[in-house]
Amino acid sequence: VSQSRYIPMGAVRQTQADKWKNRPEVVRYRNFKNTLQDQAKQMNFICKETINMIFCVPMPTSWSEKKRKENNKMPVKTRPDIDNYVKGFMDALLIEDGFVWKITAEKRYAFQGSIIVYQ
């Protein structure tokens with residue numbers, strides 16, 4: 001099981017102009033990918049043919065402590081979509097991901113953002 005401590009992020013749709021234009025969401029996505037790559041290197045993470053992952057999405061700070069406790073580990077049904085989270089993860093760690101034939105993914109609320117991968 002590997003786990004990283006930061007806010008998961010879905011892939012961002014980029015344009016040709018994003019090569020020189022620094023839109024905030026693209027900069028944040030590139031920083032996310034760099035952080036994920038660095039952590040994977042530190043953990044000697046090697047992606048296998050099947051991947052199971054949980055994207056732990058931090059709850060809004062505006063929620064009361066009671067609401068946060070009630071929603072901890074509950075499914076997240078808001079955007080970004082689960083496939084964008086998976087794409088962001090795969091794009092950050094793999095140049096070629098054709099060998100992966102099975103992915104199981106969930107997105108759940110948590111007190112702290114992280115990605116849990118178990119293979």
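The values are calculated or read from the model by the stated rules, or taken from the named source; none is laboratory data. Not measured: the values here are computed from a predicted model. Cβ sites come from the backbone with ideal geometry, for glycine too, and all protein chains shown count toward neighbours. Calculation scope for accessible area: heavy atoms of the full protein, side chains included, ligands and nucleic acids excluded. Shrake-Rupley method; radii C 1.70, N 1.55, O 1.52, S 1.80 Å.
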**Study point:** Probe 1.4 Å, accessible area per residue of the chain, Å²
**Key:** 67 Å²
Review point. Can you put S114, S64 in order of accessible area, largest first, using a 1.4 Å probe?
Key: S64, S114
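Sort 105-113, 69-77 by the packing proxy (mean of other Cβ within 10 Å over each peptide's residues), most packed first. Can you show the working numbers first?
Values: 105-113: 16.2, 69-77: 12.4.
Ranked from most to least packed, the peptides come out as 105-113, 69-77.
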Check your understanding: In whole percent, how big is the carbon plus sulfur part of the accessible area of the chain, probe 1.4 Å, protein atoms only?
Key -> 51 percent
Check your understanding: What aspartates and glutamates sit close enough to K69 to cross-link, taking a C-alpha to C-alpha distance under 18 Å and skipping anything fewer than 8 places away on the same chain?
Key -> none
**Study point:** For the range 30-35, Karplus couplings with θ = phi - 60° (6.51, -1.76, 1.60), whole Hz, Gly/Pro x
**Key:** 5, 5, 4, 4, 4, 4
**Study point:** Eligible lysines near K48 by straight Cα distance, threshold 24 Å, same-chain separation 8 or greater
**Key:** K33, K87, K102, K107
Exercise for review: Find which of I95, W63, T15 sits farthest along the positive direction of the dipole of the chain, computed with +1 on the beta-carbon of Lys and Arg, -1 on that of Asp and Glu, about the Cα centre.
Suggested key: W63
Check your understanding: When the helix-only estimate is applied to the chain (DSSP H runs of n ≥ 4, each -39,500 (n - 2.57), divided by the residue count), what is the mean residue ellipticity at 222 nm, nearest 500 deg cm²/dmol?
Key -> -10000 deg cm²/dmol
Point to revise | Dipole moment magnitude, nearest 20 debye, the chain about Cα centre, only Lys, Arg, Asp, Glu C-beta charged | key: 460 debye
Study note, to complete from the structure: Looks like the chain, by Cα gyration tensor root eigenvalues a ≥ b ≥ c and the a/c under 1.5 rounded cutoff (else prolate when a/b is bigger than b/c, oblate otherwise), is oblate
Check your understanding: Between Q16 and N72, 0.36 nm times their residue separation minus their Cα-Cα distance comes to what?
Key -> 16.2 nm
Practice item. Among the aspartates and glutamates, select those whose C-alpha is under 15 Å from the C-alpha of K77, and discard any that sit fewer than 8 residues away in the same chain. Key: E106
